[in-house]
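Trainee: Have a look at this one.
Just so it is clear, none of the values below were taken in a lab; they were calculated from the coordinates. Everything quoted here is computed from the prediction, not taken from an experiment. For neighbour counting, all protein chains shown are included, and Cβ atoms are generated from backbone atoms with ideal geometry for every residue, glycine included.
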Amino acid sequence: MITKLTRLTVTRLAAGLLALPLLASAPALAQTGTAATAAAAAAPSAAPVLGQTPTGQQPQSISEQEVQLFQQLKGDVAGRVSIPDKKAALLIQPEGKAWRDFRREDMPVIGGVIILGMLVVLMGFFAIRGRIRMEQGQAGETISRFNGFERFAHWLSASCFIILGLSGLNIAFGRTLLLPLVGPETFTALSAAGKFAHNYLSFPFTLGVILMFVLWVKDNIPDRGDIDWLKQGGGLVGKGHPHAHRFNAGQKGIFWSVVLGGALLSVTGYTLMFPFWFTGMDGMHLVQIVHAVVAVGLIAIVLAHIYIGSVGMEGAFAAMGSGEVDLNWARAHHDLWVQDMLGPRNDPPKPHPVAAE
Amino acid sequence: MARMKFLCDSERCIECNACVTACKNEHEVPWGINRRRVVTINDGTPGERSISMACMHCTDAPCAAVCPVDCFYTTADGVVLHSKDLCIGCGYCFYACPFGAPQYPQLGNFGSRGKMDKCTFCSGGPEDDVTPAEYEKYGANRLAEGKLPLCAEMCSTKALLAGDGDIIASIYKERVVTRGYGTGAWGWSVAYKDASAA
Amino acid sequence: MLIKRSAAPRPSASRSRIADAFASVAGAPVDRRSFLRRSGLAAGGLAAVGTLSLTTVRKAEAGPTIPGVPTEIRKNVCTHCSVGCTVTAEVQNGVWTGQEPSFTSPINIGTHCAKGASVRELVHGDRRLKYPMKLEGGEWKRIGWDQAIDEIGSKLTAIRDASGPDSVFLLGSAKFTNEAAYLFRKFAAFWGTNTVDHQARICHSTTVAGVANTWGYGAMTNSYNDINNSKAIMIMGGNPAEAHPVSLQHVLRGKEVNRAQMIVVDPRFTRTAAHATEYVRLRPGSDIPLIWGMLWHIFENGWEDKEYIRQRVYGMDEIRKEVGKWAPAEVERVTGVPGEQVRRIAEIMAKNKPSTLIWCMGITQHTVGTANVRALSILQLALGNIGVAGGGANIFRGHTNVQGATDLGLDVTTLPAYYGLAEGAWKHFARAWEVDYEYLLNRFGKADMPRDAKKKLMEAKGIPTTRWFDGVLNEAKDVDQPDLIRGMVVFGHGGNTVTRMPEVKTGIEKLELLVVADPHPTTFAALSDRRDGTYLLPICTNFETAGSRTASNRSLQWGEQVVKPIFESKDDYEVLYLLSRRLGFADQMFKNIKVDGVHPEPEDILREINRSCWSIGYTGQSPERLKLHMKHQADFDKITLLGREGSPVAGDYYGLPWPCWGTPELKHPGTHVLYDTSKHVMKGGGAFRARFGVERNGESLLADGSYSAGSEIEDGYPEFTYGMLKKLGWDSDLTAEELAVIQRVGGASPDGVSWTTDLSGGIQRVALLHGCSPMGNAKARAVAWNLPDPIPVHREPIYTSRPDLVAQYPTRDDSRDFRVLNIGRTVQTKAVEQKLADKFPILLTSGRLVEYEGGGEETRSNKWLAELQQDMFVEVNVDDARRLGVRDGGMVWVYGPENGAKARMKALVTARVGKGVAFMPFHFAGFWQGADQRGNYPKGTDPIVLGESVNTLTTYGYDPATFMQETKVTLCRIEAA
């Protein structure tokens, strides 16, 4: 069957291309109306013509010539097209290969190392440290940490980020991880929905990031205290709670990661969403790579953030849950902030019991 | 086994765009979708050459490699096809494609794209051969009818060759011998791993 | 409405692939069934996807019909350029559903260009004129055909009664079939005017005048296919890669197989030049100096074909004298081409014979168009390249049937077949049409005019299309006819095709009646601010009717009707019939033409052509023979065009290229290469036509010792008459019937009946029987004493960029011809005095794009083509652009030196044009000096792409012999917008 198709092809070539300079000597290539009859009639006579050995100078292999051509042209081969789609003027872009290699080979490694690495670290941390409890128990008295608007901003970004992250991860790894499980049909349905969600949820996500930036930037300016906090390992490792204002250095890190990472993801994301509006092919490649790498990085950071805000630390979730945190928790983690909030009337922070021992 | 390829002889191509409109005609390709296009390099200066370009149906096709939903497949004829039922229009294949082949209908929202469309080497898609369903999504299936892609069949100067890779390479080589010059087969070293054999 | 082909699957091929395994991306082979299973697509699970899917499949506009519907194959000819590509149409249920390559066509061998590959869209007709319309109070109103014909008829009659028939301008089309062209010319004759013209006026009228006056016939001497035989190819003033893409197949194959040198001479580095072995950039309008410069080297080195010149050329010594003035230094000064290069191309052409010379509108559309053509012809004569396979003057004509329409008399200077307008010609056609000569005479002039005055009008050249608006706008004393032009009937012709468009617009506005019969409304309908008195008649394309068309190589091809006329459109034949019936002369006009109801039969029109057009051998191409050729295309050789032995078309040349002598029964094979003495006349041989007498100033004009193979007269001889047959004693070979016809034609003096007026074909038959060419065997004329410049001399363009050369090479003096004035000299003098070259420092030239054709309304309405060229543009040289602050893709205003003209368009900054030269394509219309005119078209008929017309900016300048317009050289100023 295949040979038949091939023969048809040969015939078609003989009849159709007539590329042959030997046109005159090939009257036997008389063309017939249908390929089917042509196959029977002309295939045998086509063979000798096509089989003719080139004489005289031997041409270089086709690819050899092309390699030379590429060397002359140094990279992209671009020209002019009459259609308005100017990116169509890019004839050959070998860089596509670099991007493909990134997506096929580098990205799984980067994503795997960063995300799985973070999960391993968090699990290890949980195994060693367990849930960080409030040493003094609940004070029973609460202090307002985040108002409704602040919480709205946070959860707006957070909920979007989760869906964005999952749909993004699906685009990056779903083909390997999910497709075999659910089958192509469902996977496409999921992915299409994911793409749709990814496009639309980018807007509220960006809005949330902007709001958080505006709301919290004044409390997130790094200061000298952050260095001490960091020196003390933030109290996560070792003992004692270092002093901290409204946000400790760790939280500031999260803030700036989300703000800067979010901004970067937004900029690159919108560039991807409006392809070739702002940049050319090389730019699109770069933007996609940045988007992917920043995304997995931020996902990893947010994973840690989620961990510490939920299972990792007792009392932390309330800050973004009800907005009201237990005074003891606040005193432990944000002593200077509590002082600022309640004024000098309040007891000076007690030396941490653990640290005092 | 036949291994279908395109070869554009730039010494012959005169940018007449017959390949482009033949494609539009055969498949009723809508405005804005250019399955095939002609690019002119060194425009207006000595050394000007035009090259007709479409999907080259690469071996180890980059589009297939990067597709998040794995909607591509390669036929026994070496033609790279895809399923529009599976495609989600993400646009990744366009980034990976060395030849700018994938095309997307512009849909309503922002730069959001519809399902990818590209040259099928006139061989339809996964639906049954030569059916209305296949035609509607992918256009005509000439290969199934024993015909070669219309762009090449209608090429005004026989610059664009389509067919079994070995045969069109030999036709091309013969031309080069006859006339004593040639500028190579555009895209072959990028598209075909086995191109060095050609 | 229209659906796509289904093409029933061919069992042998289609199943093979299904069974084939295909490799998945992963590399593991999966057949398609398993792919479908794997993907769940086969199991009907698609619905689930469908509901969730947020992206959509863009549906093609029409799917294939149900497989199994029978597909009919119909063959017609592409309606765009003159190459004559066969179009193979697949028709299902009366709908054109697919287009297949026409591999068997000897001319295009399966191929097409962008236009040919998209012709199916023409009968989709999205933007076609769908029904007759009338402009009333500035609004387009739909009317019926009956009303349209009736109202047009009344208005025409009113104009005729008041001002005479010459006050209606009849503009025909190169898109007509031969039959429609002939019918249109006949319509004009019966209406009573010679003011009937078509596109040839503005493309190759100067070629026809130039070459016909040199060697006999105004046509390409060889063929596209014959270029395969050339050893050197020179293309001058032509860009066939865009204008005739399929011809490049033959050119490039000639270049490759023969390792032929390919010289391209053009001010612009065209797509054709990109494939040249030698590109020559010359200053636009300096063609004669370049050719004389080449001949200077040829004569200097003795490279001319001396024996050929001695035997077959008259007056070459006088040319030698003129050429002597063009020493290399002067050539370089005037043309800008380096002296060494001129010598090189002269040597290439002289030493690689046969060498062919190809030209197009870069040569013809000049104030020196005819002289240009003559100079090129003389070059080929000096090299002995005419009448030789692989040589020749391969003039690429423009439109699909511009050759045929010219041949059949859509020309203000002649009746069909170049019979002219003299009394003899009218009497010939009166006999052929079987109408009374006096009846025809009385159709001319106003009814109350004396017979002499009518006869004078009957024999006076009409007003050509380049000047029609002058016939409207000039003062009555400057127009040599009873009254000014008041009405215009346009069939298949754009309104943006002539220069000086601001005046064209005013002219259209002043017309009392404008009838546009076309598949599209055209610029005629949309350009002006007319509010009343315009009628639009929807004419179908040639794919919706049948008839023959003559390709540039003189081959006639019969096109079958692919589909019935769509919407309410009608074909040209029917509309001409309806008009002539309304005007009261249908009975006379269609006396010998079969009319089925209101449908004249094209086959029968061709038979009348066969019976009357003896002078150019349009007599052997009966519809039956042409149809046989179309059916047996595969039996013709792709280079010699000769029918294969043993086939039904054995020995015939494809399409019976004219002259195809005698009656169809004589079975003359047609003439592939004109004036080819190496062949017997009955095998397509011939010699130069003896058209200009037998001697001049004591020197014989007949060939000297040269004759076609097998000729019984082994020397030159004049054209054949009955008297000459008698002298030779060959009159006894005439049959009794033939003799009776000759005597009937000749009346009292039968000796004067010639090969062109003998309606029996007997004189031709007998001449051929003795191996002689009916048109004689003469010398070609290097000196054409009846032309304005008998020896071509260089003359600067009217608006020249080199005013310093005007004193030495001025244009010709003002004159009066074609019923109007030609004041070129006055305009030129004024332009120099006013130093316009300083105010308008850039030379503007124009040309063609591959995607569009002519005025472009049809092609710009074709979505597949329109997508490829969406903007009007001007090519500006890189240096000029930098100086002017113009960036690539930016908008510019271009100003012209006449009428305060300006146009706004995109700039394309490129080295393609030389410094100081700008180029514009001529296909655009619909923008007027910056204003969008889309609203002027009837709703839904506006072309997809609109743009400024180059002719808004083009200026005065007419060739003295044909009134060809100057489109290739004018001046302009470019400013960033």
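Trainee: Positive end of the dipole of chain C, charges at C-beta (+1 Lys, Arg; -1 Asp, Glu), about the Cα centre: which of C:Ser82, C:Val745, C:Met891 has its Cα farthest in that direction?
Mentor: C:Met891
Trainee: Along Cα→Cβ, 7 Å out, is where each label goes; now give me the distance between the ones at B:Thr45 and A:Leu286 in nm to one decimal.
Mentor: Modelled inter-label distance: 2.5 nm.
Trainee: Rounded to the nearest 20 debye, what is the charge dipole size of chain B about its Cα centre when +1 sits on each Lys and Arg Cβ and -1 on each Asp and Glu Cβ? Each step should come with its number before you reach the end.
Mentor: On the way: 20 positive and 23 negative charges, 100 e Å.
The dipole of chain B has a size of about 480 debye.
Trainee: Semi-axes of the equivalent ellipsoid of region C:156-239: what are they in whole Å, largest first, if each equals the square root of 5 times a C-alpha gyration tensor eigenvalue?
Mentor: Details: eigenvalues 263, 34, 25 Å².
Working from the Cα gyration tensor, I get semi-axes of 36, 13, 11 Å.
Trainee: Something else about it: Partner chain Cβ atoms within 10 Å, averaged over the residues of B:25-36 - can you pull that number for me? All intermediate terms of the calculation are to be shown ahead of the outcome.
Mentor: Working: counts 10, 7, 2, 13, 5, 6, 5, 5, 3, 6, 0, 0.
Across B:25-36, the average partner-chain Cβ count within 10 Å equals 5.
Trainee: In bins 5 Å wide, starting from 0, what share of all Cα pairs of region C:547-665 does each bin hold, as a percent?
Mentor: 2, 11, 18, 20, 16, 14, 9, 5, 3, 1, 0
Trainee: I would also like to ask the following. How long are the semi-axes of the ellipsoid equivalent to region C:843-956, from square roots of 5 times the Cα gyration tensor eigenvalues, in whole Å, largest first?
Mentor: On the way: eigenvalues 116, 50, 30 Å².
Working through the eigenvalues yields semi-axes of 24, 16, 12 Å.
Trainee: When N counts the residues of region A:139-284, how does its alpha-carbon radius of gyration compare numerically with 2.2 N^0.38 Å, as a ratio? Before the final figure, lay out the partial values.
Mentor: On the way: Rg = 19.5 Å, N = 146, 2.2 N^0.38 = 14.6 Å.
Compared with the compact-globule rule of thumb, region A:139-284 sits at 1.34.
Trainee: List the cysteines in chain C whose Cβ has no other cysteine Cβ under 4.7 Å from it.
Mentor: Result for chain C is C:Cys81, C:Cys203, C:Cys360, C:Cys540, C:Cys613, C:Cys660, C:Cys772, C:Cys972, no neighbouring Cys Cβ within the cutoff.
Trainee: Next question. May I have the extent of the alpha carbons of region C:180-338 along their three principal axes, as whole Å values ordered from largest to smallest?
Mentor: Here the spans come out as 56, 38, 33 Å, largest first.
Trainee: Once you've got the Cα coordinates, tell me which of C:Lys175/C:Lys683; C:Lys155/C:Lys510; B:Lys5/B:Lys158 are over 19 Å apart. Please list the in-between numbers first.
Mentor: Numbers: C:Lys175/C:Lys683 31 Å; C:Lys155/C:Lys510 15 Å; B:Lys5/B:Lys158 15 Å.
Over 19 Å Cα-Cα: C:Lys175/C:Lys683.
Trainee: Ignore the peptide's own chain and count Cβ atoms of other chains within 10 Å of each Cβ in C:95-106; give me the average, rounded. Let's see the in-between values first.
Mentor: On the way: counts 0, 0, 0, 4, 6, 8, 12, 3, 12, 5, 1, 0.
The shielding value for this peptide is 4.
Trainee: Moving to a separate point now. At a 10 angstrom cut-off on C-beta neighbours, averaged per residue, how do the peptides C:694-705, B:120-131, B:13-24 rank from highest to lowest?
Mentor: Working: C:694-705: 13.7, B:120-131: 23.3, B:13-24: 31.1.
For the peptides C:694-705, B:120-131, B:13-24, the packing ranking is B:13-24, B:120-131, C:694-705.
Trainee: Order A:207-217, C:488-498 from most to least packed using the mean count of other Cβ atoms within 10 Å.
Mentor: Highest to lowest by the protection proxy: C:488-498, A:207-217.
Trainee: Mind checking which of B:Gly180, B:Ile168, B:Pro126 is farthest towards the positive end of chain B's charge dipole, using Cβ charges of +1 (Lys, Arg) and -1 (Asp, Glu) about the Cα centre?
Mentor: The residue sitting farthest along the positive end of the dipole is B:Gly180.
Trainee: What is the distance in Å between the Cα centres of region B:13-81 and region A:100-130?
Mentor: Rounded to whole Å, the Cα centres lie 40 Å apart.
Trainee: Plugging the Kirkwood radius over Cα pairs into Stokes-Einstein for region B:1-145, at a temperature of 10 °C and a viscosity of 1.306 mPa s, what D comes out in µm²/s?
Mentor: 100
Trainee: Report, to one decimal in Å, the Kirkwood hydrodynamic radius for the protein assembly as shown based on all distinct Cα pairs.
Mentor: On the way: mean 1/r = 0.0280 Å⁻¹.
For the protein assembly as shown, inverting the mean 1/r across all distinct Cα pairs yields 35.8 Å.
Trainee: Show me, for region A:295-305, the HN-Hα J-couplings you get by feeding each phi into the Karplus relation (A = 6.51, B = -1.76, C = 1.60, θ = phi - 60°), rounded to Hz, glycine and proline as x.
Mentor: 4, 5, x, 5, 4, 4, 5, 5, 4, 5, 4
Trainee: Counting only other chains, and only Cβ atoms inside 10 Å, what mean value do you get across the residues of C:385-395? Each step should come with its number before you reach the end.
Mentor: Numbers: counts 0, 0, 0, 0, 0, 0, 0, 0, 0, 0, 0.
Average neighbour count from other chains, rounded to a whole number: 0.
Trainee: Taking 8 Å as the Cα distance limit and 6 or more residues as the minimum spacing, I'd like the relative contact order of region B:1-94 as a percentage. Mind showing how you got there, number by number?
Mentor: Values: 119 pairs, mean separation 26.4, N = 94.
Answer for region B:1-94 is 28 percent.
Trainee: How many angstrom lie between the C-alpha centres of region C:572-642 and region C:467-491?
Mentor: Cα centroid of region C:572-642 versus Cα centroid of region C:467-491: 32 Å apart.
Trainee: Report the label-to-label distance for A:Val267 and A:Lys97 in nanometres (one decimal), using points 7 Å from each Cα along the Cα→Cβ vector.
Mentor: 3.1
Trainee: With the alpha-carbon atoms as the only input, what is the per residue convex hull volume for region C:273-373 in Å³?
Mentor: Numbers: hull volume 11.8 nm³, N = 101.
With only Cα atoms used, region C:273-373 gives 116 Å³ per residue.
Trainee: Looking at the calculated P(r) for chain C, what percent of the C-alpha pair distances fall above 59 Å? Please report the intermediate quantities before stating the final value.
Mentor: On the way: 38095 of 476776 pairs.
Of the Cα pairs, 8 percent sit more than 59 Å apart.
Trainee: What order do you get for A:148-158, B:28-38, C:74-84, C:104-114 when each peptide is scored by the mean count of other beta carbon atoms within 10 Å, highest first?
Mentor: Result, highest mean first: C:104-114, C:74-84, B:28-38, A:148-158.
Trainee: Relative to the compact globular guide of 2.2 N^0.38 Å, what is the alpha carbon radius of gyration of region C:388-466, as a ratio? List each step's numbers first, then the result.
Mentor: Values: Rg = 16.2 Å, N = 79, 2.2 N^0.38 = 11.6 Å.
Rounded to two decimals, the normalised Rg is 1.40.
Trainee: Starting from the Cα of C:Ala709, step 7 Å along the direction of its Cβ; do the same at C:Asp804; then give the gap between the two resulting points in nm.
Mentor: For C:Ala709 paired with C:Asp804, the spin-label model returns 5.5 nm.
Trainee: Over all Cα pairs of region C:333-447, how is the pair count split among 5 Å bins, expressed in % and running from 0 up to the last occupied bin?
Mentor: Bin by bin from 0 Å, the calculated values are 2, 9, 12, 15, 16, 10, 9, 10, 6, 4, 3, 3, 1.
Trainee: Roughly how many whole Å is it from the C-alpha centroid of region C:649-708 to that of region C:923-967?
Mentor: A separation of 42 Å, based on Cα centres.
Trainee: If you don't mind, another one. With charges only on Cβ, +1 for K and R and -1 for D and E, what is the dipole size of chain C about its Cα centre, in debye, rounded to 20?
Mentor: Working: 116 positive and 111 negative charges, 495 e Å.
That gives chain C a dipole magnitude of about 2380 debye.
Trainee: Taking 37 °C and 0.692 mPa s as the conditions, I'd like the Stokes-Einstein D for region A:293-342 in µm²/s, using the Kirkwood hydrodynamic radius from alpha carbon pairs. Numbers along the way, then the final one.
Mentor: Values: Rh = 12.1 Å.
Rounded, D is 271 µm²/s.
Trainee: Using only Cα atoms, tell me the angle between helix B:165-179 and the longest principal axis of chain B; keep it within 0 to 90° and round to the nearest 10.
Mentor: Taking Cα atoms only, the helix is inclined about 30 degrees.
Trainee: Take the Cα of C:Lys915, step 7 Å along the line toward its Cβ, and report every residue of region C:842-861 whose backbone nitrogen sits under 16 Å from that point.
Mentor: So the set is C:842-843.
Trainee: Residues in region C:138-155 near a label at C:Phe567, defined as backbone nitrogen under 18 Å from the 7 Å Cα→Cβ point?
Mentor: C:139-149
Trainee: Between C:Lys594 and B:Asp166, what is the FRET efficiency for a Förster distance of 45 Å, r being their Cβ-Cβ separation, to the nearest 0.05? Don't skip to the end; give the middle numbers.
Mentor: Numbers: r = 57 Å, r/R0 = 1.26.
Once the sixth-power term is evaluated, E becomes 0.20.
Trainee: Right, something else. Any idea which of C:Thr497, C:Leu513, C:Leu484 is furthest toward the positive side of the dipole for region C:476-526, if Lys and Arg beta-carbons carry +1 and Asp and Glu beta-carbons -1?
Mentor: So the residue furthest toward the plus end is C:Thr497.
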